[in-house]
Structure formats: structure tokens, C-alpha cells
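Novice: Take a look at this one; I'll ask things after.
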Amino acid sequence: MNAIPDNPYLLLTPGPLSTSPSVRQAMMKDWCTWDQEYNQLVNAIRERLVTLALPESHDVSNDYTCVLMQGSGSASVESVIGSVIPNSGKLLVLANGTYGKRIGQIADVLSIDNKVWDFGEQGAIDLAALEQQLSGDHGYSHVAVVHCETTTGRLNPIEQIAKIVKKTDTCLIVDAMSSFGGVPIDVAKLEIDFLISSANKCIQGVPGFGFIIAKRSALTAAKGFARSLSLDLYDQWTCMEEGGGKWRFTSPTHTVRAFDQALIELEQEGGINARYQRYQQNHKVLVDGMRSLGFKTMLNDEVQSPFITTFYNPTDAGYQFQEFYRRLKLKGFVIYPGKVSDADCFRIGNIGHVFPDDMERLIKVIDSELYWLA
Ligand SMILES: *Cc1c(COP(=O)(O)O)cnc(C)c1O
């Protein structure tokens, strides 16, 4: 299976990513928004997302809810950070990449008291130090962390972090943008208060909105905290709850229809576990193939996510990322530039409507395009 010929290339990026033809087809109508049929679809999507977030905890599904929020993934992060922390609160951000740092930037812009604990782009979150920091009277009301730090592809140990944070009765916010839907996460078991993801990552929809899985009691407690009107999470939630799935302002109707289709296809694939296995397979074909061609990964395998991988650029004279990129794009594959400040690297994503044989084709193409070795 592959995305050619109806698309010029496969997107091997962490989102927007390659979607199935049927997901794209769902957008080819002018869907209405202010009616019951649409609102019911929205509520069904919210319920299905809660179910996906509680694979082992269906019995407590009433304690959790889901809010959809217009905008890119960062808008949903901003909605949570700006809506759930009281003026008297203080946020600790555990950061090891751009997306962790962005949470701190959001807090700064919104004048929310915060500390970004930066472990370095290539560093691991120091669990012992975190435990130490959070013992005693630490003064933080909220801790935020990124699950898969897309900057490098590192999967932060969310289970252990959650355990440490929740021992201290602190509100836990997880940016699971590039992981949710691609790896099993049980929000109730980990006692996550707010988990954020978006339509165009592992659920394999198109861009236009994000979603927040929230513990009802934590969201209820946040009434009146919002620092923005259009990103007011509590208000968006009450509108959806009381309006039977109604959005406050214009909703991305086409994106929502595509997302509904993407959720059907996730189910048809066998759910999150099956998708996780496909991504792991994609990733294995990619990394084994790249290593056989002499490329080196930045991260150790133990901390590497099966979603996106950072490779060092070859140091050979004559190699240029832009030229390499251009050649691969012509042959049907779009890869991703690096984002690590002190390392010369690029990234390849393997999430989306892509399959192990696509990765095998990619490796063959790369093998034929090692032009700097010629
Ligand atoms: C994609 C992503 C985001 C959101 O990025 P947008 O460009 O705003 O959609 C946030 N956090 C992580 C970890 C991501 O991978």
C-alpha cells in the first residue's frame, strides 16, 4: 500500500502526515455546522476519544471528558495552560526540547508564574532529581511534560513521571501530541489531569483542531481561570456539554468529518495496539535500513519513540541536506529538517497512512540517492 499516485509524495513528518484517501474524501462536501446531526457527531467523537484514553479503565469513564479546540496543536496547549492554572498557581515544566520550552513560552506570555526545568535537548528527565524537587513543600500547583518530544523523537517515561508528580497531589498536564493514538496510554491509571493531542498526528486526521482529555473534577475546578476568550477551555467544554456537541465559534467542519473517518479507520485497523505495532514495524524497517546505509541515529534505542527518528547528517564533503531533501521529494518522500540546536541532523517520521513496504521503498530510494558518495 502507498500514497502514490493520488498524492505527489508521502509525508514522513510528524504531522500533518499522510492520510488515507477515504479520510481526504470525507472533506469533499460542504458540511453544515449548526445542526443536530453535526453536534451528535461531535459528541460521539468526544466519547470515542475518552474511550481510547482509558484502555484499561472503562469503569471510570464518567470521571473523564473530552473537549475539542479549534487551531493547531499549540492552540490546545495554550488553551490548557491558560485555562486551568489559577493566578495563585505555579507551573513546573519538564523540558527536553522545543515543545517543552514552548509550554514555558506560553506561560510567560500569559504571565503565569512558571519554571522551565531544562534537561537539554539530548538529555533525559532526571527522575531522582524530580522526586527530590517535589518532596516537601515545593510550591508548584501544576507540572507539565511532553510525552514524545518531537524535537528528537525521545519518548519521556510518562508512567514514572506521573507516579512522582501524583504522589504530591499536583495537577499533571501532558502534551501527548505526537504519541496519543500511536501508543497505549491510560489517562486514569496515570492520573493525568489534562492530556493534549491533535487531529493530525497519530489518529491520522487532517489539521484544524486539537483535543483535550480532561479529568472532570480538574476541569470543573478551573471555572473562571481563563486568560483568553476563544481558548477558554472551561467555556468550550460547557458549551459542548450543554449544547449537545455545539462549538462556541465556527468549527473546522471538514476536519471534523475527516477525523470521524480517521477514528473509524483506527478501529478497523484494530485500535491503538494494532496501530502501535504498525508504527513499531515501520520504525524498525526505517532504522535497520538507514543503519545499513551508514546513517546513525541520535538517540539510544531505549528512549527512542516509534514515531519520529533523528539521524545525523553525513559528514562527507559534498553532502547537503537541502539537495538530499530535494531528491527524495522528487522520488515521492518528504522528510523533515532537524530541530536540535547543537547537532547537525534531520528527522524522518513514520506515522500516518504509511506502511512497512513504504519504508522499504524509502530505503531503496535513499540507497539510490547517496549522491555524495558517487
Ligand atoms: C506537533 C506538536 C505540537 C503542536 O504543534 P502545532 O504546530 O501547533 O500543531 C505540540 N507538541 C508536540 C510534542 C508536537 O509534536
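The values are calculated or read from the model by the stated rules, or taken from the named source; none is laboratory data. Because the structure is predicted, anything quoted here is derived from the model rather than measured. Glycine gets a Cβ as well: all are built from the backbone with ideal geometry, and neighbour counts include every protein chain shown. Heads up: the accessible areas ignore ligands, DNA and RNA and are worked out on the full protein's heavy atoms, side chains in. Shrake-Rupley method; radii C 1.70, N 1.55, O 1.52, S 1.80 Å.
Novice: Name the residue from T297, N62, A222 whose Cα lies farthest towards the positive end of the charge dipole of the chain, charges +1 on Cβ of Lys and Arg and -1 on Cβ of Asp and Glu.
Specialist: Farthest towards the positive end: T297.
Novice: Determine by what factor the alpha-carbon radius of gyration of segment 213-365 differs from 2.2 N^0.38 Å, reporting the quotient.
Specialist: 1.41
Novice: Would you pull out the residues with amide H under 5 Å of Y64's amide H, same chain only if 5 or more places away, H placed 1.01 Å from N?
Specialist: R216
Novice: A follow-up question, please. Just to be sure I understand: of the beta bridges DSSP finds with both ends in segment 90-181, what percent are antiparallel, rounded to 5?
Specialist: About 10 percent, rounded to the nearest 5.
Novice: Need the list of lysines near K331 for cross-linking: C-alpha distance under 22 angstrom, and skip anything on the same chain fewer than eight residues off.
Specialist: By straight Cα distance, K331 reaches K284, K364.
Novice: What percent do you get for the relative contact order of segment 21-268 when only Cα pairs under 8 Å and 6+ apart count?
Specialist: 30 percent
Novice: Just order 228-237, 326-335, 303-312 by mean Cβ neighbour count inside 10 Å, highest at the front, would you?
Specialist: Sorting 228-237, 326-335, 303-312 by mean packing, highest first, produces 303-312, 228-237, 326-335.
Novice: Here's something else I'd like to know. So what is the accessible area of the chain per residue, in Å², with the probe set to 1.4 Å?
Specialist: Numbers: 15420 Å² over 374 residues.
Roughly 41 Å² per residue, with all protein chains present.
Novice: Still on this structure, I have one more. Quantify, in whole percent, the carbon and sulfur part of the accessible surface of the chain (1.4 Å probe; protein heavy atoms only).
Specialist: C and S fraction of accessible area: 49 percent.
Novice: Run the 1.4 Å probe and let me know the accessible area of T13, rounded to the nearest 10 Å².
Specialist: Accessible area of T13: about 10 Å².
Novice: With no solvent and one equal point scatterer placed on each C-alpha of segment 92-228, evaluate the Debye formula and give log10 I(q)/I(0) for q = 0.14 Å⁻¹, two decimals.
Specialist: One equal scatterer on each Cα of segment 92-228 leads to -0.64.
Novice: Something else: Taking the full set of protein chains and a 1.4 angstrom probe, give the accessible area of K284 in square angstrom, rounded to the nearest 10.
Specialist: Looks like 120 Å² after rounding.
Novice: I want to verify the translational diffusion coefficient of segment 1-101 in µm²/s; compute it with Stokes-Einstein, Rh as the Kirkwood radius over Cα pairs, at 10 °C and 1.306 mPa s.
Specialist: Here the translational diffusion coefficient equals 90 µm²/s.
Novice: Counting DSSP beta bridges with both partners in segment 149-275, what percentage is antiparallel, nearest 5?
Specialist: 60 percent
Novice: Output the antiparallel fraction of DSSP beta bridges having both residues in segment 21-268, as a percent to the nearest 5.
Specialist: Values: 14 of 32 bridges.
So the antiparallel bridges amount to about 45 percent of the total.
Novice: Something else now. From the Cα trace of segment 21-268, what convex hull volume per residue do you get, rounded to a whole Å³?
Specialist: Looking at segment 21-268, the number lands at 116 Å³ per residue.
Novice: While we're here: Go from 0 up to the bin containing the longest alpha carbon distance in segment 187-272, width 5 Å each, and give me the % of pairs per bin.
Specialist: P(r) for segment 187-272, in whole percents per bin: 3, 12, 19, 22, 21, 15, 6, 1, 0.
Novice: Continuing with this model, one more query. For segment 282-374, list log₁₀ I(q)/I(0) at each q in 0.19, 0.21, 0.23, 0.25 Å⁻¹, using the Debye formula over Cα point scatterers of equal strength and ignoring solvent, two decimals each.
Specialist: Cα-only, vacuum Debye calculation for segment 282-374: -0.90, -1.12, -1.38, -1.66.
Novice: Whole-Hz Karplus ³J(HN,Hα) for segment 284-291, in order, using 6.51 cos²θ - 1.76 cosθ + 1.60 and θ = phi - 60°, x for Gly and Pro?
Specialist: 3J(HN,Hα) across segment 284-291, in whole Hz: 5, 4, 4, 5, 4, x, 4, 5.
Novice: Here is a follow-up. Excluding same-chain residues fewer than 8 positions from K163, which lysines have a Cα within less than 17 Å of its Cα?
Specialist: The qualifying lysines are K189, K215.
Novice: Something else now. Quick check: Cα centre of segment 253-309 to Cα centre of segment 177-244, how many Å?
Specialist: Value for the Cα centre distance between the two parts: 22 Å.
Novice: Quote the accessible area belonging to D35 in square angstrom, nearest 10, computed with a 1.4 Å probe and with ligands, DNA and RNA left uncounted.
Specialist: Estimated to the nearest 10 Å², D35 gives 50 Å².
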